[in-house]
Amino acid sequence: TASTEPRLWLYPTRAIRRKNLGEFILWSTLAGEDDRFATTQAPQNPAEQPRYRRWVDFARRLRLPLEFELGQRYRGDFHTLLASAHSLVTTSVGEGFGLAFLEPWLMGRPLAGRDLPEITQDFREVGIDLANLYPRLAVPLEWLDRDRLFGAVRTTLSEVMAAYGRIATASDLERAWNALGEGDRIDFGRLDEIAQEEVILQLTAHPDSRRMLSPPRLQLTERAAVRCNQGLVRKHFSLAGYGQLLLGIYRQLLARPAGPLQNADGAALLDRFLAPERLTLLRT
């Protein structure tokens, strides 16, 4: 039986490219009868507009239960909008500090979507429960134009390397391609917009193919975990908590003996930054 109120899956984001809007659209493709999806804001950067408008037009053509820029039309304040959500969602493939993984708990709302272990490791170390998030969304390679995708990886990798005065080798290309997934499965978040559209169209035309996704659905945080996470965020990531953290760092520095000044190895840092395994087409 349908509920009287739709379940709002809300992505509170300014939908720039690395926020991975295509993945949020994918989940709206698989929405249940009572589900509604929405983002809050459009990107302001003119360079981001063409890709964003393409996704908006794409979703509208498919008549998905998805509303864009809800934050600009909502009559209440932003906090009330967030609190009204069935769950907040993140599908981002790149974050700085990672507030998207902390702020939902302060409003007592669950969080669903993509995990970024490089960001969330620090949060997990203090006990924050993010077990329902997925580190990758695996889709069958057979749904994609493999040759076109391989060419996109080759071109993008070469451009990224060239921007830092380096030349991509055949070994680099092999490493980048292999990192997209395992065997005949590809991580949706590593794909470019064209490939993501191919996957969404497959799911639209053949809803039963949802069983080929891993995970096959968004998973909610348990209620007990929401309450626990709320307390942990307030304890460890409040202004007072950060004050204590900084104070501890300063004390550790003061306790160490002074030594000679050494420079970081710039080449080694660049090797890590440009590692082909880190290539994500949406972050270029």
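Kindly indicate the residue of region 108-130 that is buried (at least 19 other Cβ atoms within 10 Å of the Cβ) and basic (Lys, Arg) and also nearest to Thr221 (Cα to Cα) among those meeting that condition.
Arg109
When region 37-53 is examined, which residues are found to be in contact with an Asp or Glu (Cβ under 7 Å, 6 or more places away or on another chain) and open to solvent by 40 Å² or more (accessible area, probe 1.4 Å)?
Gln41, Arg51
Quick check on region 38-81: of everything there that is under 18 Å from the mean Cα position of the chain (by Cα) and touching a residue at least 60 places away in the same chain (Cβ under 8 Å), which residue is farthest from Leu218 (Cα to Cα)?
Arg51
Looking at Leu64, Leu26, Leu82, Leu30, which one is touching a strand residue (DSSP E or B) at 6+ places or on another chain (Cβ under 7 Å) and of a type outside the set (Asp, Glu)? Walk me through it before giving the result.
Values: Leu64 fails: touching a strand residue (DSSP E or B) at 6+ places or on another chain (Cβ under 7 Å); Leu26 fails: touching a strand residue (DSSP E or B) at 6+ places or on another chain (Cβ under 7 Å); Leu30 fails: touching a strand residue (DSSP E or B) at 6+ places or on another chain (Cβ under 7 Å).
The match here is Leu82.
Out of curiosity, is Ser28 crowded, with 16+ Cβ neighbours inside 10 Å, in contact (Cβ under 8 Å) with a residue 60 or more places away in the chain, among the small types (Gly, Ala, Ser) and closer than 17 Å to Arg217 by Cα? Steps first, please.
Details: crowded, with 16+ Cβ neighbours inside 10 Å: yes; in contact (Cβ under 8 Å) with a residue 60 or more places away in the chain: no; among the small types (Gly, Ala, Ser): yes; closer than 17 Å to Arg217 by Cα: yes.
It is false that Ser28 is crowded, with 16+ Cβ neighbours inside 10 Å, in contact (Cβ under 8 Å) with a residue 60 or more places away in the chain, among the small types (Gly, Ala, Ser) and closer than 17 Å to Arg217 by Cα.
Whether any residue in region 180-199 is assigned to a loop (DSSP other than H, G, I, E, B), among the hydrophobic types (A, V, I, L, M, F, W, C) and either surrounded by 15 or more Cβ atoms within 10 Å (Cβ to Cβ) or in contact with a helix residue (DSSP H, G or I) (Cβ under 7 Å, 6 or more places away or on another chain) (or both) is what I want to check.
Pass one, region 180-199, residues assigned to a loop (DSSP other than H, G, I, E, B): 180, 183-184, 191-192.
If we keep only those that are among the hydrophobic types (A, V, I, L, M, F, W, C) too, we end up with 180, 191.
Then drop every residue that is not either surrounded by 15 or more Cβ atoms within 10 Å (Cβ to Cβ) or in contact with a helix residue (DSSP H, G or I) (Cβ under 7 Å, 6 or more places away or on another chain) (or both), which leaves 180, 191.
Looking through region 180-199, at least one residue is assigned to a loop (DSSP other than H, G, I, E, B), among the hydrophobic types (A, V, I, L, M, F, W, C) and either surrounded by 15 or more Cβ atoms within 10 Å (Cβ to Cβ) or in contact with a helix residue (DSSP H, G or I) (Cβ under 7 Å, 6 or more places away or on another chain) (or both).
Within the bounds of region 64-79, is there any residue that is among the charged types (D, E, K, R), surrounded by 13 or more Cβ atoms within 10 Å (Cβ to Cβ) and out of contact with any His (no Cβ under 8 Å at 6 or more places or on another chain)? Working first, answer last.
Of region 64-79, the ones among the charged types (D, E, K, R) are 67, 69, 73, 75, 77.
Filter once more, so that each one left must be surrounded by 13 or more Cβ atoms within 10 Å (Cβ to Cβ): 67, 69.
Still in the list and also out of contact with any His (no Cβ under 8 Å at 6 or more places or on another chain): 67, 69.
Yes, region 64-79 contains at least one residue that is among the charged types (D, E, K, R), surrounded by 13 or more Cβ atoms within 10 Å (Cβ to Cβ) and out of contact with any His (no Cβ under 8 Å at 6 or more places or on another chain).
Which condition number in (1) out of contact with any helix residue (DSSP H, G or I) (no Cβ under 9 Å at 6 or more places or on another chain); (2) without any contact (Cβ under 8 Å) to a residue 12 or more places away in the chain; (3) on the phi < 0 side of the Ramachandran plot is the one that Arg124 fails?
(1)
Can you tell me how many residues in region 157-176 are within 30 Å of Asp57 (Cα to Cα) and open to solvent by 20 Å² or more (accessible area, probe 1.4 Å)? Before the answer, list the steps.
Kept after step one, since they are within 30 Å of Asp57 (Cα to Cα), are these residues of region 157-176: 157, 159-160.
Those still in the list that are open to solvent by 20 Å² or more (accessible area, probe 1.4 Å) too: 159-160.
Number of matching residues: 2.
The values are calculated or read from the model by the stated rules, or taken from the named source; none is laboratory data. Worth saying up front: this structure is predicted, and the values here are computed from it rather than measured. Neighbour counts run over all protein chains shown; Cβ positions are idealised from the backbone, glycine included. The protein model used for the area step is the full one, side chains on, heavy atoms only, and it has no ligands, DNA or RNA in it. Shrake-Rupley method; radii C 1.70, N 1.55, O 1.52, S 1.80 Å.
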